[in-house]
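Please read the structure below before turning to the comments.
The values are calculated or read from the model by the stated rules, or taken from the named source; none is laboratory data. Treat the numbers as computed from the prediction; the structure is a model and nothing was measured. Cβ coordinates were reconstructed from backbone atoms using ideal geometry, including for glycine residues, and neighbour counts include every protein chain displayed.
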Amino acid sequence: MYEKKIKPIVVISNCLEFKACRYNGKLITNSFVKTLQPFVIYKPICPEIEIGLGVPRDPIKIVTKNNKQNLVQPSTGNDYTFVMNDFAIKFNDSLTEVDGFILKSSSPSCGIKDVNLYDKLDKGHLIGKTTGLFAKEVLKKFEGLAIEDEARLANHRIREHFLTKLFLLASFRHLKKKQSIAGLIKFHSVNKFILMSHNQSKTRELGNIIGSYNNNNLEDIFNNYEEKLKIALKSVARKGSNINMLMHAFGYLSKNLNSKEKALFLENLDKYRNNEIAITSILMLLKSWVLKYEHNYLMEQTFFSPYPVELMNI
């Protein structure tokens, strides 16, 4: 189960539930951001305000010129490319601890991948999509962390992946401070099902990293483990991998279950396979049996509660 005492640190666009600081002076309401708040430590930031733009303000946009993308304000002709990049680099360097980011979609500063790209400043044509300048530096500096925008987080599979990664990386960040090989072995053990569902080959590599410990290289072990951990969690777990892990867990429990319970599990598994229910429904079913039959190994697996239960059905 996830560690309740650990709260992930999340940098978030200030306009999402915190401050009416959009270019038009509005606040963006978001139920997910609000529901998540009790379980994380938010660090709100508005890059556009930080570089001196007011509220409200004339819109800015990204324009390509000579194969370079520039952040400009059409109404004034001002170019904010350098000042935004400079702020982003300095702000990111100031973050001594962070586990994830929730950024404003479509924003020329914060958008992750859906920002409009134009061919010229005045009456330019839309020629594609790009990444906001602040977000680009975030992705470069913090590759492998839980980084999403609020629009993509409306998709339940993306949201599940974001939350799983966010809480797992926060747990590892706390563990890394302790530099305990016993703690790392335990971490790998309790997260085994989650890791296997995301990337089986990288999970084996993580196990090999722990196995290479020789009493003198603990810092290297943690650094190497962290690097491979982020790679293992990079992509959303495939449905087939999740089904394999669900069946694996079911195998541990099956001898305790009666025929009706077994049939219920298989029925729900088919519903998940056919996109009729989310994986959280099956996890909660399995978790109820894990607790009922006091299966110690499965009881410790974060796979069944990778993040707070209050976030599982939003």
### Summary
For helices (runs of 4 or more DSSP H) lying entirely in the range 95-207, having 3 or more residues that are among the basic types (Lys, Arg) picks out 133-141, 156-178
### Count of the range 4-58 residues which are at pLDDT below 95 and surrounded by 14 or more Cβ atoms within 10 Å (Cβ to Cβ)
1
### Message
Looking at the range 174-201, I want the residues that are β-branched (Val, Ile, Thr) and have a partner that is part of a helix (DSSP H, G or I) and surrounded by 21 or more Cβ atoms within 10 Å (Cβ to Cβ) with Cβ atoms under 7 Å, at least 6 apart or on another chain. Which pairs are those?
### Response
190/302; 194/164; 194/168; 194/302; 194/303
### Message
residue 123 - would you say it is among the basic types (Lys, Arg) and modelled with pLDDT under 95?
### Response
yes
## Note on the structure
Here the qualifying pairs (Cβ atoms under 8 Å; residues six or more apart or on different chains; first in the range 99-116 and under 17 Å from residue 141 (Cβ atoms) and at pLDDT 95 or above; second part of a loop (DSSP other than H, G, I, E, B) and of a type in the set (Phe, Trp, Tyr)) come out as 101/142
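Criterion first (under 17 Å from the mean Cα position of the chain (by Cα), without any contact (Cβ under 8 Å) to a residue 60 or more places away in the chain and over 17 Å from residue 111 (Cβ atoms)) does residue 19 satisfy it?
On the way: under 17 Å from the mean Cα position of the chain (by Cα): no; without any contact (Cβ under 8 Å) to a residue 60 or more places away in the chain: yes; over 17 Å from residue 111 (Cβ atoms): yes.
Here the answer is no, as residue 19 does not meet what is asked.
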### Query
Mind checking which pairs have a first residue in the range 235-248 that is touching a residue at least 60 places away in the same chain (Cβ under 8 Å) and a second that is among the aliphatic types (A, V, I, L, M) and not in a loop (DSSP other than H, G, I, E, B), Cβ under 9 Å, 6 or more apart or different chains?
236/158; 237/194; 237/245; 237/279
### Task
Filter the range 24-43 down to residues that are assigned to a loop (DSSP other than H, G, I, E, B) and more than 17 Å from residue 314 (Cβ to Cβ), then give me how many there are.
4
### Query
Taking the condition under 30 Å from residue 287 (Cβ atoms) and either in contact with a strand residue (DSSP E or B) (Cβ under 8 Å, 6 or more places away or on another chain) or of a type in the set (Asp, Glu) (or both), does residue 11 pass?
no
### Query
What do you reckon, is residue 260 of a type in the set (Lys, Arg), loosely packed, with under 12 Cβ neighbours inside 10 Å and assigned to a helix (DSSP H, G or I)?
yes
### Sole residue being among the small types (Gly, Ala, Ser), surrounded by fewer than 22 Cβ atoms within 10 Å (Cβ to Cβ), in contact (Cβ under 8 Å) with a residue 40 or more places away in the chain and closer than 26 Å to residue 84 by Cα, chosen from 124, 132
124
#### Entry: Filtered residues of the range 232-257 (kept if assigned to a helix (DSSP H, G or I) and crowded, with 16+ Cβ neighbours inside 10 Å)
232, 242, 243, 245, 246, 249, 250, 252, 253
### Matching residues, the range 208-231, being aromatic (Phe, Trp, Tyr) and assigned to a helix (DSSP H, G or I)
222, 225
### Task
From 312, 299, grab the single residue that is in contact (Cβ under 8 Å) with a residue 24 or more places away in the chain and within 13 Å of residue 156 (Cβ to Cβ).
312
### Task
From (1) without any contact (Cβ under 8 Å) to a residue 60 or more places away in the chain; (2) part of a helix (DSSP H, G or I), pick out the condition that doesn't hold for residue 276.
(2)
